[in-house]
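Scroll down for the structure; my scribbles are underneath it.
Since every read-out is calculated from the coordinates, none of them should be taken as a lab result. Just so it is clear, the model here is predicted, and its values are computed rather than measured. Heads up, the Cβs are rebuilt from the backbone with ideal geometry, glycines too, and the neighbour counts pull from every protein chain shown.
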Amino acid sequence: MIEVRWHGRGGQGAKTASHVLAVAYLKEDKSVQAFPEYGPERSGAPMLAYTRVDDRPIRRHCAVTQPDIVVVLDPSLTREVPVTSGLKAEGKLLLNVVADSEAEEAVRTYPGKVLGVTADQLAKEAGTRFPNVVLLGAYAGWVGAPSLDHLQEALIEVMGHLPAKAKDASVRAMAAGYAAGERGRADV
């Protein structure tokens, strides 16, 4: 089983990212779970979301306390929340970073694999303001699954209510993240 913990702030799309990832894996015939965990329910407050993926039915229905992968949507959370808490020693930490120095700091404090992606910048270049779609792409490119096609199909399915311009920008942002993730996988 692969367990992913998403760290974000209310309104940044951690819940949506968790859901899109689950739908993409479902398209690849995997068993999935995706659910959020809220603290104070307000915009900007730290929150968690989880995704579980397995080849067999998933019977566990609790928070992910020992994730294989942690994805951090907001760079400031690394100073406020213990994002690596419970992360397996051989796990992966995917960070939205402003500069490479933030990723370097994470490498010094976490012994596993770390990939820093300038998700805010890549999202802006693609025409959106949400780093979650960039980090979804980066996740898939780094991990090697789900496929970019399935991820983009899942995004369109989940975000079907958005105007075409917003969906197109999100698809471009996801592809940029996927390329960054593939570069990260090649560097390992």
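What to note about this one:
- Entry for Rg and Dmax of the Cα atoms in Å (calculated from the structure that is shown) out of (1) 15.0, 42; (2) 16.1, 46; (3) 24.2, 80: (1)
- Dipole magnitude for the chain: computed about the Cα centre from +1 point charges on Lys and Arg Cβ and -1 point charges on Asp and Glu Cβ, it is near 300 debye.
- Summary: within the chain, the longest segment free of GluC sites (Glu not before Pro) located in DSSP loops with at most 15 other C-beta atoms within 10 Å is 91-188.
- Of all DSSP beta bridges in the chain, antiparallel share, percent nearest 5: 55
- In this structure the amide hydrogen of Ala45, modeled in the peptide plane, comes within under 5 Å of the amide hydrogens of Gly10, none closer than 5 places in sequence on its chain.
- Helix-only CD estimate at 222 nm, as mean residue ellipticity for the chain, using -39500 (n - 2.57) per DSSP H run (n ≥ 4): -13500 deg cm²/dmol
- Choice from Val171, Val32, Val81 with maximal GNM fluctuation in the chain (Cα, 10 Å cutoff): Val81
- Across the stretch 71-88, rounded Karplus estimates of 3J(HN,Hα) from the backbone phi angles (6.51 cos²θ - 1.76 cosθ + 1.60, θ = phi - 60°) give 10, 10, 7, 10, x, 5, 5, 5, 9, 10, 10, x, 5, 8, 4, x, 5, 4 Hz, Gly and Pro being marked x.
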